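Okay, so here's the structure we're looking at.
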Amino acid sequence: MSGLQEILIIVVLIMFILFLPRLTGRGNEKTSSKALQMLSGKLRMAIIASLIWLMLWTTYFKPWNGDILAFTLVGLCPIIIGWGALWVIDGFKKKQGM
């Protein structure tokens, strides 16, 4: 059960990191809300798919029990490679548009 608690703590920390600047009112609310509204449907789906992928492989491999290498290879590497490739492709598209 401690593994589930650790995952929930990580989720709560991420939520605080994302939403705490809005709550403190530092003036960036308009920028962050516009950025969220500008996300396309494909990008939103990719973010959710990445999170679901991580959650599924985390529950399967349970890296807190010591199977970190398999979790890293199957759970994290595809996400890092996929988002990295998207970042590079986006960079080339922006370069061509200039």
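Every read-out reported here was derived from the displayed coordinates using simple, explicitly stated rules and does not represent laboratory data. Bear in mind that the values here come from a model prediction, so they are computed numbers and not experimental data. Every residue, glycine as well, gets a Cβ built from its backbone with ideal geometry; the counts of neighbours run over all protein chains shown.
Structural remarks
- Karplus-derived 3J(HN,Hα), 6.51/-1.76/1.60, for each residue of segment 6-15, Hz, glycine and proline x: 5, 5, 5, 5, 5, 4, 5, 4, 5, 4
- Of the peptides 50-63, 75-88, 5-18, the ranking by mean beta-carbon count within 10 Å, highest at the top, reads 50-63, 75-88, 5-18.
- Segment 39-98: C-alpha gyration tensor shape, a/c 1.5 cut-off, then a/b vs b/c: oblate
- Computed from backbone phi, the HN-Hα couplings of segment 44-57 come to 4, 5, 5, 5, 5, 4, 5, 5, 5, 4, 5, 5, 5, 6 Hz, rounded to whole numbers (Karplus: 6.51 cos²θ - 1.76 cosθ + 1.60, θ = phi - 60°; Gly and Pro given as x).
- Length added when fully stretched, L43-C77, from 0.36 nm per residue minus Cα-Cα: 10.4 nm
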